[in-house]
Structures are given as structure tokens and as C-alpha cells.
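The values are calculated or read from the model by the stated rules, or taken from the named source; none is laboratory data. Everything quoted here is computed from the prediction, not taken from an experiment. Please note: Cβ atoms are built from the backbone with ideal geometry, for glycine as well, and neighbour counts cover all protein chains shown.
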Amino acid sequence: MRNYLERKLAIQWRTEGLSYSAIATRLSITRDAACNLCSYKLKRIKMKTGPKLKIDKASQLRVKRKICAFNESKEKINTTKLIEECDLDASKSTVQRYLKKTGFVYKTISSRIHLTAGHKQFRMQHVRSWILLNHNWNITIFSDEKRFSLDGPDDWRSYVHRSWPNYRIRRQCKGGSVMVWMMTMPNGLLSFKVVKGNMNSDGYIRLLSESAVPMIKLNYGENWCFQEDNSSVHKSKKVKEFMRNSSISVLEWPARSPDLNIVEDCWKTISDLVYDGNQFNNREDLVGKITTVINSLNANKRHKVIDLYKSIRHRLCTVLEKHGDLYNC
């Protein structure tokens with residue numbers, strides 16, 4: 001390796017017009033070495049900061065294999081299990097740094113609806129039928145149920161300062177919930193009913209006959225179609241007989257298809273508003289907040305529900321493109 005003085009001389013002679021051969025003769029080196037001296041640039045090597053990993057290559061290989069095994073068996077993967085299973089002589093923080101360096105993150109695994117090949121095929125049949133027959137969604141009433149909890153959702157999130165206490169009360173015995181049934185109409189109106197106790201066939205028939213059907217006929221007369229999911233209550237013999245006797249046209253709905261029901265999007269908006277605040281002390285407070293939120297949406301945000309109706313055709317086309325898979329996955 002040439003010293004700094006030789007490099008400086010070679011660069012100076014080159015700027016003065018000497019050839020590489022002449023420089024090589026003066027320094028008693030080859031012509032290629034003279035070229036390298038003149039074109040040499042000092043490389044700045046960035047030093048790595050932070051503690052060195054205390055996991056050797058053999059241990060790293062064991063960790064990778066164990067992670068693959070855990071993933072295939074659908075087991076949880078955490079640093080404690082990896083240290084025990086792989087017999088690592090390292091702390092949890094060291095293993096965490098290694099996992100972070102190799103692209104792993106520790107996060108909550110989201111759940112999704114599992115669709116078999118049969119479910120996907122059945123969904124595609126319905127979607128094709130709706131598109132080919134040009135089903136009129138502007139006279140279709142969507143419905144669904146949701147349970148609201150006094151303690152709020154499990155994933156309540158907010159920005160908080162490091163010094164602030166960050167917790168919400170979770171009651172084990174004195175908590176409670178409220179079941180709400182709701183339907184959306186193409187004019188953007190939301191109509192709901194609080195369900196007392198568990199929903200059964202008689203209660204569902206009473207809800208339809210006393211609340212839902214009169215409200216729908218008031219807005220759309222006799223020309224409308226009703227959507228409901230495939231829960232056991234909706235598909236009971238009593239309910240089917242009531243629908244038949246009342247001449248209610250029920251839209252046949254594919255199984256495991258909440259992504260096509262626009263009420264789910266309405267529930268998301270309502271939940272965000274209902275749970276934005278203090279936790280509830282009793283069911284009356286929770287019902288009051290739900291009522292206030294839905295009435296406010298009916299008064300000021302009906303255009304959002306109308307936009308959801310306009311998005312239905314796009315959802316159907318997306319499901320076809322995904323060969324029957326979920327629209328929002």
C-alpha cells in the first residue's frame with residue numbers, strides 16, 4: 001500500500017501534464033499502480049453504533065428455524081420462548097434487537113373471516129347474478145345487529161404523553177352491553193332499535209312488524225327489497241313464514257359476507273363517535289349516547305350513507321377481481 005506522499009506526488013505530476021508511464025517511471029511502479037494512485041479517493045467508512053449482537057451465526061440459524069416451526073404450528077412467537085427453545089445465552093433485549101434487525105415486529109395479529117373455496121365460489125355466483133340482472137340497490141334496505149359494551153372497545157387508542165397514566169377501567173362482573181339492530185335506507189336514513197335481552201324469532205318478527213316494515217313502507221311504499229345476514233334467527237321457519245305472508249322480498253345473501261353489507265361501515269362510524277369519551281356507568285347512558293350519535297348522523301351526515309350505496313357496484317367488481325375473496329382484506 002502506497003503512502004500519502006507518493007499519492008500526493010502522483011496527483012501533482014498528473015495535473016502538471018505528465019503521463020501515467022512517466023509517473024510510474026519516477027516512482028518505480030507499474031503504470032496501473034500509477035493510475036490507481038491518481039484516481040484514489042479516501043473512503044469514509046461509517047462505524048456502526050450501538051451494542052454488538054451477542055448471538056452467533058449458529059444461534060441465529062436456530063432462531064430462524066424455530067420461528068418457521070412456530071409459524072407453521074400457529075404458535076405465539078416471543079423472546080421468552082425463543083430463548084428457552086433455542087438455548088440462547090442472551091437477554092430478551094438482545095433477542096429483540098436481533099429480531100428487529102431481521103425485519104420482525106411484535107404486534108397484535110388482526111383476525112379476519114376465513115373463506116373456503118366453496119364460500120368464494122358462492123359469493124362470485126351471487127355477485128355475477130346481481131351485476132348481470134342489474135339489481136336495483138336504490139330500493140334495497142340493509143340491516144345488521146351490533147353489541148355495544150359499557151367498557152368500550154378492546155382496541156381503544158389515543159395519543160398520550162409518556163408521563164400521563166394510560167389505562168381504561170375493565171369491569172369483570174359489573175359490566176354490561178347493549179344490542180342494537182339497525183337498517184340503512186337509500187335516502188341516507190338510519191333507523192335503529194335497542195334489543196332487550198337476546199334476539200329470538202318472535203322478537204325479530206315483532207321488531208320487523210312494529211318498527212322496520214312501517215318505516216320502510218312510509219319511505220318506499222311497496223316496491224323495496226330487504227337484506228339480512230344468515231344468522232339462525234333470520235333463517236328460522238317462523239321468520240321465513242312471516243316474510244312470505246307479508247310479501248317481503250328478501251335478498252339472498254352469501255355466507256360470510258359482511259364486507260358487502262354497508263351497515264358495517266355505518267357501525268364503524270357510530271362506534272368511533274359513541275366510544276369517543278368517558279366510559280359508561282350504566283346501559284341508559286350508553287343507549288342515550290347511541291341515540292344521540294345516530295340522530296346526529298341522520299341530521300347532518302346522510303350523504304355519507306348515500307355514498308356507501310354508490311360504492312356497492314365497485315365492491316362487487318372488486319370481489320370478482322379477487323376471485324371471491326373479501327373486498328376489504
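So which pairs qualify, if the first residue must be in the stretch 98-121 and among the basic types (Lys, Arg), the second must be at pLDDT below 85, the Cβ gap must be under 8 Å, and the two must be at least 6 apart or on different chains?
Once the first residue is among the basic types (Lys, Arg) and sits in the stretch 98-121, its partners that are at pLDDT below 85 give Lys101/Leu53; Arg112/Cys329.
Any chance the stretch 181-200 includes a residue that's in contact with a Cys (Cβ under 8 Å, 6 or more places away or on another chain), touching a residue at least 12 places away in the same chain (Cβ under 8 Å), in a loop (DSSP other than H, G, I, E, B) and under 28 Å from Arg315 (Cβ atoms)? Lay out the reasoning, then the answer.
Step one: filter the stretch 181-200 for residues in contact with a Cys (Cβ under 8 Å, 6 or more places away or on another chain), giving 182, 184, 190.
The next check asks that each one be touching a residue at least 12 places away in the same chain (Cβ under 8 Å); those that pass are 182, 184, 190.
Retained after the next criterion (residues that are in a loop (DSSP other than H, G, I, E, B)): none.
No, the conditions are met nowhere in the stretch 181-200.
For the stretch 15-113, please list each of the helices (runs of 4 or more DSSP H) lying entirely inside it that holds at least 1 residues being modelled with pLDDT of 85 or more and over 33 Å from the mean Cα position of the chain (by Cα).
In the stretch 15-113, 20-27, 31-38, 57-72 are the helices (runs of 4 or more DSSP H) which contain 1 or more residues that are modelled with pLDDT of 85 or more and over 33 Å from the mean Cα position of the chain (by Cα).
Can you tell me which residue is farthest from Lys193 (Cα to Cα) among those in the stretch 264-303 that are over 27 Å from the mean Cα position of the chain (by Cα) and of a type in the set (Asp, Glu)?
Among them, the one singled out is Asp285.
State the number of residues belonging to the stretch 87-140 that are of a type in the set (Ser, Thr, Tyr), within 27 Å of Ser257 (Cα to Cα) and surrounded by 17 or more Cβ atoms within 10 Å (Cβ to Cβ).
Taking the stretch 87-140 and keeping what is of a type in the set (Ser, Thr, Tyr), we get 91, 93-94, 98, 102, 106, 108, 110-111, 116, 129, 140.
Next, only the ones that are within 27 Å of Ser257 (Cα to Cα) stay: 108, 110-111, 116, 129, 140.
Pick out the ones that are also surrounded by 17 or more Cβ atoms within 10 Å (Cβ to Cβ) and you get 140.
Final tally of qualifying residues: 1.
Just one of Asn261, Asn223, Asn219, Asn230 is in contact (Cβ under 8 Å) with a residue 24 or more places away in the chain, in the same structural domain as Tyr167 (by TED's automatic domain parsing), within 30 Å of Asp325 (Cβ to Cβ) and out of contact with any Asp or Glu (no Cβ under 8 Å at 6 or more places or on another chain); which is it?
Working: Asn261 fails: out of contact with any Asp or Glu (no Cβ under 8 Å at 6 or more places or on another chain); Asn223 fails: within 30 Å of Asp325 (Cβ to Cβ); Asn219 fails: within 30 Å of Asp325 (Cβ to Cβ).
When all the criteria are applied, what remains is Asn230.
Which condition does Ser209 not pass, out of (1) surrounded by fewer than 16 Cβ atoms within 10 Å (Cβ to Cβ); (2) touching a residue at least 40 places away in the same chain (Cβ under 8 Å); (3) not in a strand (DSSP E or B), if it passes all the others?
Here Ser209 meets the rest and fails (2).
Looking at Asp229 and the list (1) within 30 Å of Asn300 (Cβ to Cβ); (2) outside any loop (DSSP other than H, G, I, E, B), which single condition is not satisfied?
Asp229 satisfies every listed condition except (2).
Taking the stretch 286-316 only, how many residues are without any contact (Cβ under 8 Å) to a residue 40 or more places away in the chain and farther than 18 Å from Met185 by Cα?
The total comes to 4.
Considering only the stretch 114-157, state which residues are assigned to a loop (DSSP other than H, G, I, E, B), farther than 24 Å from Cys317 by Cβ and not hydrophobic (A, V, I, L, M, F, W, C).
As a first pass, look at the stretch 114-157 and keep what is assigned to a loop (DSSP other than H, G, I, E, B): 114-116, 133-136, 150-157.
Adding the requirement that they be farther than 24 Å from Cys317 by Cβ leaves 150-157.
Across the stretch 114-157, the qualifying residues are Asp151, Gly152, Pro153, Asp154, Asp155, Arg157.
Working only within the stretch 262-277, note down all residues that are of a type outside the set (A, V, I, L, M) and within 14 Å of Ser158 (Cα to Cα).
Asp272, Tyr275, Asp276, Gly277
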